[in-house]
Number of protein chains: 4
Amino acid sequence: MTDTARSRAILTTASRLFAEKGYGNATTSEIARAAGVAEGTLYHHFGSKDGIFLTLFDETIDGFLAGIEELLGRRTTGRETLAALARFLFDYVSRHQERYLILLRDFPVHLTVQQFAKGSPQREKLDRVTELFSRVLARGKADGTLELPFPVRETAEMLRGTFYGTTRLKMLGLIQAPFPRLGRMAESYWLKALASRRAPKTPRRTP
Amino acid sequence: MTDTARSRAILTTASRLFAEKGYGNATTSEIARAAGVAEGTLYHHFGSKDGIFLTLFDETIDGFLAGIEELLGRRTTGRETLAALARFLFDYVSRHQERYLILLRDFPVHLTVQQFAKGSPQREKLDRVTELFSRVLARGKADGTLELPFPVRETAEMLRGTFYGTTRLKMLGLIQAPFPRLGRMAESYWLKALASRRAPKTPRRTP
Amino acid sequence: MTDTARSRAILTTASRLFAEKGYGNATTSEIARAAGVAEGTLYHHFGSKDGIFLTLFDETIDGFLAGIEELLGRRTTGRETLAALARFLFDYVSRHQERYLILLRDFPVHLTVQQFAKGSPQREKLDRVTELFSRVLARGKADGTLELPFPVRETAEMLRGTFYGTTRLKMLGLIQAPFPRLGRMAESYWLKALASRRAPKTPRRTP
Amino acid sequence: MTDTARSRAILTTASRLFAEKGYGNATTSEIARAAGVAEGTLYHHFGSKDGIFLTLFDETIDGFLAGIEELLGRRTTGRETLAALARFLFDYVSRHQERYLILLRDFPVHLTVQQFAKGSPQREKLDRVTELFSRVLARGKADGTLELPFPVRETAEMLRGTFYGTTRLKMLGLIQAPFPRLGRMAESYWLKALASRRAPKTPRRTP
DNA sequence: GATGAATGAGTGTTCATTCAT
DNA sequence: TATGAATGAACACTCATTCAT
């Protein structure tokens, strides 16, 4: 469809410009020009500059959440799921760097803390990340493959912080190690910190 | 000095307003009004709005770096230094939340994109953080109290990412666990992931 | 006809929205949406946003003029016609408040400045109002039931101003008295100001 | 003062442009250019385009209210005050046509009925007009020089409507009679409608 | 006739910075 | 040193109108 083609062109262009210059420094007229559409067309399709941003946000995080859910669907042990999670996370971000950069760099800054309300769909998606991390840990706790000296939820929050912070510093150029290495390190250290040293309660594969 | 009193008023006010509304949403006229000075006075003292920000940045990070250096100066074992580091980091951020919020929330987006050059004094201070983390780990590797399956530098980067990400998510309201709990969790998990399970090469206290 | 049904829906919707928010604040897309038609359909039927307005204007003022002409057709004395006019005017406006509000509130500012040329059909209708007022007064002057110390035309202009201003202030919420009261007051004061105190030249009822 | 000179230049220019093209059609950049100042200066002094308008409004209506109050201060009989009021009103408007045109033509239209709240200073000034009209009538009722078959307040509303409507239609070009003539007609007809035909209760001059 | 996606000139407003006093 | 009035380029956004289908 022409419609989709134009929307897509706007999203692609905006994604690039946001990544290059930051959300605040990319102007709507610039995006329109680069996308080959009139400025009004931006507003016809997305309602506002924020609307473009939030569409990119949604698309990016949706794929991200789906990936984690897919891992959980495999029904491997908690330990194995955690290992797979570490590999997936850094791999996913590595493969979608541009989109992820925008999300990581620009999101919470321009939407003020207050505006970023608890009930918004975006906020719910962000909360869902911690929820999925929790499910991985809970599975390991249940099947005895993981050992947590702290509550599941709070450990999940810290785990997420590790991933988030490492990725963000990497994107900001403050970390030199390449993404694949970061993934392997995360897998190794997370397991050292969390894997049970005793034999699991249940057989290797959960039913 | 009157001069210093005015500068300090500006910094204090700016710090509060940046924290409340974000760097981009706090205007210079607003800062001047709230600080009880003329708008031009801001420019006499700090040259630009960015100048105010960078002064706050410097002050905040200087205390932070000094704190870590002080830890290293105690010459405890690597393992003990790492434990103390975890406690110090979250405690420090907790005690300077306002300043830190600005640094964590506003800094990178605003100055990072291109302009945040490798040679700048601020960049060097940021790099110094990883360097100090590395020294903690290197000490543990040398005295046998820590065990690193990956290079010191890269492990330091990940460690820093953990701290940075956890703190930032906390500041953005995406983490519920309170700061002291985060500190205890970091200490516990970092040691589980990095502490040597064998007896240390050297006696407990380095001479 | 489908055509007429659509036109009518557009006019009804536009009338409501103009009254609610003012001509300038009601958008064509909003009117189209509320009327259940496509935006382009507005242009097929009325050519422009102004076209919709002018159609409403014509419909409203046509009924108004017809009402006054009907009064004149009754061939009562000038005094009686003037009394009937006062009652009719406020009653008519009261019964068509929505339409009249638009005409009174939005018309002149929007089309008057320059563009509201002497020759336009709308201008002629507006001029016709004063003309009909003049005919009422002229009749009274002729039959001796009214007594005018000033020329008929100019008195008619002032009379019209009274009606127009009272109505407009009422619509703008600056007058508290209800419409029926305004009608009774107009009738009373107009007669006090204009009715002849001597016996009429002609018998009560004109042949 | 330079300050006042610039403000005044802006007000004078805006007044002219609003009168020429209407509030909505005069742009801020146009006003700034014509006034010989930067566009930002408009906002420095008046905060918004509306702010300029409201300043003009206040200045115009303040002189108007002061004029009526001065009449009331003379303590002549109600009848004489009413006659003086009629002459003053049309004379005042005639002498400040440009300013008055803006007020009459543009005011209630662009500030929506809802926004034009009861408590606003502007609304209070408008309400004060009717109040002063009432005081004129009340004086005449008290001293027996005026005779009102309807309540003072409502008669004042109608009187005001007469003045307002006549003036507005004149400004819109729908009335041909010149201002001085309108003043004389108002005086004559108002007295005919309201003056007592009996001897006044009190001597001619109120103490 | 009917549609509605696309248009783009135009708008009011912002705000970091300057500079004469 | 301190002031604050003045600046003006830049911005996100609006909306009546068009036209290919």
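Table for the structure above
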item: Positive minus negative residues near D:Arg153 (Lys, Arg vs Asp, Glu; Cβ under 12 Å); result: 0
item: Charge dipole magnitude, Cβ of K and R +1, D and E -1 - the protein assembly as shown, Cα centre, debye nearest 20; result: 1660
item: Span-rule helices in chain B, defined as complete DSSP H runs reaching 18 Å or more along the axis (Cα) with Kyte mean at least -0.5; result: B:2-21, B:49-73, B:78-95, B:152-171, B:179-194
item: Gyration tensor verdict on region B:120-187 (Cα atoms; rounded if a/c is under 1.5, prolate if a/b is larger than b/c, oblate otherwise); result: oblate
item: Length-normalised contact order for chain A - Cα pairs under 8 Å, 6+ apart - percent; result: 25
item: Shortest-first nm distances, A:Glu69 label point to equivalent points in other copies (7 Å, Cα→Cβ); result: 5.1, 7.0, 7.0
item: Residue mean of other protein chain beta carbons inside 10 Å, B:163-171; result: 6
item: Cβ-Cβ FRET estimate between D:Arg75 and B:Ser120, R0 fixed at 60 Å, reported to 0.05; result: 0.15
item: Expected 222 nm ellipticity per residue - DSSP helices of 4 or more, -39500 (n - 2.57), all of chain B, to 500; result: -24000 deg cm²/dmol
item: Region C:37-99 versus region A:38-74: alpha-carbon centroid distance in Å; result: 53
item: Counted charge near B:Ala177, where neighbours are those whose Cβ lies closer than 9 Å (Asp, Glu -1; Lys, Arg +1); result: +1
item: Mean shadow area of region A:1-47 over all directions, Cα convex hull, nm²; result: 2.8
item: Where rotation carries C onto B, the chain C residue whose Cβ is nearest that axis, in whole Å; result: C:Asn25, 14
item: Choice from A:Arg139, A:Arg128, A:Arg168 showing the highest fluctuation, given a GNM over chain A with Cα pairs closer than 10 Å; result: A:Arg128
item: Cβ-vector label at 7 Å, C:Asp127, separations to other copies in nm; result: 4.2, 6.9, 8.4
item: Compactness of chain D - radius of gyration and Dmax, Cα, Å; result: 19.5, 64
item: Inter-probe distance in nm under a simple model that places probes 7 Å from Cα toward Cβ, at A:Asn25 and C:Gln97; result: 5.8
item: 10 Å Cβ neighbours from other chains, averaged over peptide A:189-196; result: 4
item: Highest-fluctuation residue, A:Ile31, A:Ile52, A:Ile175 considered, GNM on chain A with Cα pairs under 10 Å; result: A:Ile175
item: Exposure proxy order (Cβ contacts within 10 Å, fewest to most) of C:Thr166, B:Thr4, B:Thr155, B:Thr130; result: B:Thr4, B:Thr130, B:Thr155, C:Thr166
item: Dipole axis of region D:50-194 (+1 Lys, Arg; -1 Asp, Glu on Cβ), positive-most option in D:Phe163, D:Phe64, D:Ala83; result: D:Ala83
item: Paramagnetic label zone (point 7 Å from Cα along Cα-to-C-beta, A:Arg197; backbone N under 17 Å) in region A:39-81; result: none
item: Formal net charge of residues neighbouring A:Tyr43 (Cβ-Cβ distance under 12 Å; K, R +1; D, E -1); result: -1
item: Candidates B:Pro121, B:Pro180, B:Pro149: whichever shows maximal mean-square fluctuation once chain B is modelled as a Gaussian network with Cα springs under 10 Å; result: B:Pro149
item: Shielding by partners - mean other protein chain Cβ count within 10 Å, residues of B:39-48; result: 0
item: Per-bin percent of Cα-Cα distances, the protein assembly as shown [20 Å]; result: 12, 31, 23, 19, 12, 3, 0
item: Ascending list, in nanometres, of distances separating the D:Pro149 label from those of the other copies (7 Å, Cα toward Cβ); result: 2.0, 9.9, 10.5
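Here, each number is a calculation from the coordinates, and none is a lab measurement. Here the structure is a predicted model, which means the values were calculated and not measured. A quick note on method: Cβ atoms are made from the backbone with ideal geometry, for glycine too, and the neighbour counts reach across all protein chains shown.
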